[in-house]
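Undergrad: Quick one: this structure, given as structure tokens, is what I'll be asking you about.
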Amino acid sequence: MDAATDSFLIEGARVFDGHRFLSPGALLVVEGRIAAVDARLTPPAGTPVLAARGGTVLPGLVDAHVHVHPGALQTALRAGVTTELDMFADPALVRSLRRQASSDPGMADLRSAGTGATAPGGHPTALVDRGLLLPFPTVAGPQDAEAFVADRVAEGSDHLKIVLEDGTTTGRPCPSLTADTVRALVLAAHARGLLVVAHTLTQAHALLAVDAGVDGLAHLFVDEPASAEFLDAAVRRDVFVVPTLTSLAARAGRSRGPALAADPDLGPGIDHGQRTLLGTAFPVGPGARADLDVATSTVGRLHRAGVALLAGTDASSPGVAHGVSLHDELVLLVQAGLSPAAALAAATSAAATAFRLADRGTLAPGRRADLVLVDGDPGQDITRTRAITAVWRDGRRATGPQVVPAPGRAP
């Protein structure tokens, strides 16, 4: 099967459909779309077949918090991440990468906030001074909200990112948006049909964002244990939360990057740039307050309360890499109290639902054939998601073995 073939059958694999694990069966793809998932499926004569007994087929993974750069979408796809949700990047870069990805099956699909909303001098303006970001507009007050959001829509942003950051957790104080400004941004974005997510690393900012009406939190806070007030607000407002535990570990001085770079399944496919990033310590200043255990405990409490959790990594930040770090996020979600199925749902169906991506995230007829085939059963051992044998985006194989007619079938 060459990369242009987009009709085939995967036979004998377990199936995780985005919500639950099904018995081993068959999954038929026709012209890039899932046509059927059925243990008793008889495919059309001549359909190329991949015999996959002992494996598990998953929906393509969705990383719900990244920051893209050239090469990121290729790196992500090799690790089974077929969609990346960017949370702050140069709009011109985003447009260029999306054009490339539209015709290149070797790149993950991309949705982006483009330029995020932050205060003058606020995070991440310091990255402009260091030459890591191009200059970008900021929001001085509520009076700027409408024009700021209109400009993001004109640039093609898919959602709005609001940055609430005062440096409490990093030890690097900086200005932050006011509550009135956040509310004005949320109202302006919702009026234009945009989802709104908020960068919050303190509980006070998380409460401010939830009370202002954001749709989701792009990080969990790491400064103090979750209060009943926060948990009640998250449930009442029906927000989703992207914990980014692998990034929070790096912020707390407990980076998992070096161990991930040495992983026997994922490590060999990590390029030099991503390997360097995995080994980079997160920069913090005096008095930084970041406790990973706080976030881990809160994840479990949110899950038990029924709050939607999405898997995201903050890829491109120190200690985190595109693609591979999402597999580590799955491990951390399971350690926080989610079942393997719930963790995988956070990286597939829950992320697609939260970001209104109705064509992916589940293995069901009519959905895009964004697929990952792994060796083993991640329902019993979540680390088996790392044993990737094939990846498809839109039914086109990005990596993995040839699909050939099964014995006794017409070629």
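The values are calculated or read from the model by the stated rules, or taken from the named source; none is laboratory data. Note that this is a predicted model, so its numbers are computed, not measured. Don't worry about glycine lacking a Cβ; one is built from the backbone with ideal geometry, like all the others, and counts go over all protein chains shown. Remember, those area values only see protein heavy atoms, side chains included, never the ligands or the DNA or RNA. Shrake-Rupley method; radii C 1.70, N 1.55, O 1.52, S 1.80 Å.
Undergrad: Once the Cα atoms of helix 91-103 and of the chain are each reduced to a long axis, what angle between those two axes, in degrees from 0 to 90 to the nearest 10, is obtained?
TA: Rounded to the nearest ten degrees, it is 10.
Undergrad: Report, by chain and number, residues whose modeled amide H sits under 5 Å from the one on residue 363, excluding near sequence neighbours (fewer than 5 apart, same chain).
TA: Excluding prolines and chain starts, which carry no amide H, the hits are 18.
Undergrad: I'd like the antiparallel share, as a percent to the nearest 5, of DSSP beta bridges with both residues in the chain.
TA: For the chain, the DSSP antiparallel bridge percentage is about 50.
Undergrad: Separate question: Which residues' amide hydrogens lie under 5 Å from the amide hydrogen of residue 116, considering only partners 5 or more residues apart or on another chain, with H built in the peptide plane?
TA: Those qualifying (amide H under 5 Å, at least 5 residues apart or on another chain) are 89.
Undergrad: 7 Å from Cα along Cα→Cβ at both residue 364 and residue 180: what's the point-to-point distance in nm?
TA: 4.5 nm
Undergrad: Charges at C-beta only: +1 for Lys and Arg, -1 for Asp and Glu. How large is the resulting dipole of the chain about its Cα centre, in Debye rounded to 20?
TA: In total the dipole reaches around 720 debye.
Undergrad: From the backbone phi of the range 152-167, what are the Karplus-calculated ³J(HN,Hα) couplings (6.51 cos²θ - 1.76 cosθ + 1.60, θ = phi - 60°) in whole Hz, Gly and Pro given as x?
TA: 5, 4, 4, 7, x, 5, 8, 7, 10, 9, 10, 9, 10, 8, 10, x
Undergrad: Then there is this: For the chain, take the longest principal axis of its alpha carbons; what is the angle in degrees between that and the long axis of helix 228-237, to the nearest 10 within 0 to 90?
TA: 60 degrees
Undergrad: Enter the accessible area per residue of the chain (Å², integer; probe 1.4 Å; all protein chains in place).
TA: 37 Å²
Undergrad: Report the normalised scattering of the range 41-113 as log10 I(q)/I(0) at q = 0.17, 0.19 Å⁻¹, calculated by the Debye formula with identical scatterers on the alpha carbons.
TA: -0.66, -0.75
Undergrad: Let me ask something else. If you build a Gaussian network model of the chain, linking Cα atoms that sit under 10 Å apart, which residue out of 349, 317, 227 swings the most?
TA: 227
Undergrad: I'd like to know how the chain sits against the 2.2 N^0.38 Å rule of thumb: what's its Cα Rg over that expected value?
TA: Taking the Cα Rg and dividing by 2.2 N^0.38 Å, one obtains 0.97.
Undergrad: Could you work out how much longer the chain between residue 134 and residue 259 gets when fully extended? Use 0.36 nm per residue separation minus the Cα distance between them, nm to one decimal.
TA: 41.8 nm
Undergrad: First select every other residue whose beta carbon is under 12 angstrom from the beta carbon of residue 26; then total the charges, Lys and Arg +1, Asp and Glu -1.
TA: With Lys, Arg at +1 and Asp, Glu at -1, the net is +1.
Undergrad: Right, something else. Running a GNM on the chain with Cα contacts under 10 Å, which residue among 326, 61, 208 ends up with the highest mean-square fluctuation?
TA: For the chain, modelled as a Gaussian network with Cα springs under 10 Å, the answer is 208.
Undergrad: What are the ³J(HN,Hα) couplings of the range 368-373, residue after residue, when phi is run through the Karplus curve with 6.51, -1.76, 1.60 and θ = phi - 60°? Round to Hz, x for glycine and proline.
TA: Using θ = phi - 60°, the values come out as 4, 8, 8, 9, 10, 10 Hz.
Undergrad: Give the shape of the range 260-348 as rounded, prolate or oblate, defined through the alpha-carbon gyration tensor: a ≥ b ≥ c are the square roots of its eigenvalues, a/c under 1.5 means rounded, and otherwise the shape is prolate if a/b is larger than b/c and oblate if not.
TA: Oblate is the answer for the range 260-348, as a/c is 1.5 or above yet b/c matches or exceeds a/b.
Undergrad: Ranked from the most accessible area to the least, with a 1.4 Å probe and all protein chains present, what is the order of 34, 388?
TA: Largest accessible area first, the residues go 388, 34.
Undergrad: All other residues with a Cβ under 12 Å from the Cβ of residue 177 taken together, and with Lys, Arg as +1 and Asp, Glu as -1, what is their net charge?
TA: Spelling it out: positives minus negatives among the neighbours equals -2.
Undergrad: Which Cα, out of 247, 336, 34, lies furthest along the positive dipole direction of the chain (beta carbon charges, K/R +1, D/E -1)?
TA: Among 247, 336, 34, the one farthest towards the positive end of the dipole of the chain is 34.
Undergrad: Read phi for every residue in the range 323-335 and hand back ³J(HN,Hα) as whole Hz from Karplus 6.51 cos²θ - 1.76 cosθ + 1.60, θ = phi - 60°, with x for Gly and Pro.
TA: Per-residue couplings from phi come out as x, 5, 5, 5, 5, 6, 4, 4, 4, 5, 5, 5, 5 Hz.
Undergrad: Classify the range 250-303 as rounded, prolate or oblate, taking a ≥ b ≥ c as the square roots of the eigenvalues of its Cα gyration tensor: rounded when a/c is under 1.5, otherwise prolate if a/b is larger than b/c and oblate if not.
TA: Verdict is oblate for the range 250-303.
Undergrad: Could you work out how much longer the chain between residue 231 and residue 190 gets when fully extended? Use 0.36 nm per residue separation minus the Cα distance between them, nm to one decimal.
TA: Full extension from residue 231 to residue 190 adds 12.4 nm.
Undergrad: A further question follows. For residue 109, which sequence-distant residues (separation of 5 or more, or a different chain) have an amide H within less than 5 Å of its own amide H, given hydrogens modelled in the peptide plane?
TA: 83, 84
Undergrad: What do you get for the angle between helix 292-305 and the principal long axis of the chain? Use alpha-carbon atoms, 0 to 90 degrees, nearest ten.
TA: 70 degrees
Undergrad: Right, next: Residue 339 to residue 39: FRET efficiency via 1/(1 + (r/R0)^6), r the Cβ-Cβ distance, R0 25 Å, to the nearest 0.05?
TA: Here the calculated transfer efficiency is 0.65.
Undergrad: Once you have the Cα-Cα distance between residue 103 and residue 276, take 0.36 nm times their residue separation minus that, and quote the gain in nm to one decimal.
TA: 59.4 nm
Undergrad: Net charge near residue 288, counting Lys/Arg +1 and Asp/Glu -1 over other residues with Cβ under 11 Å of its Cβ?
TA: The answer is +1.
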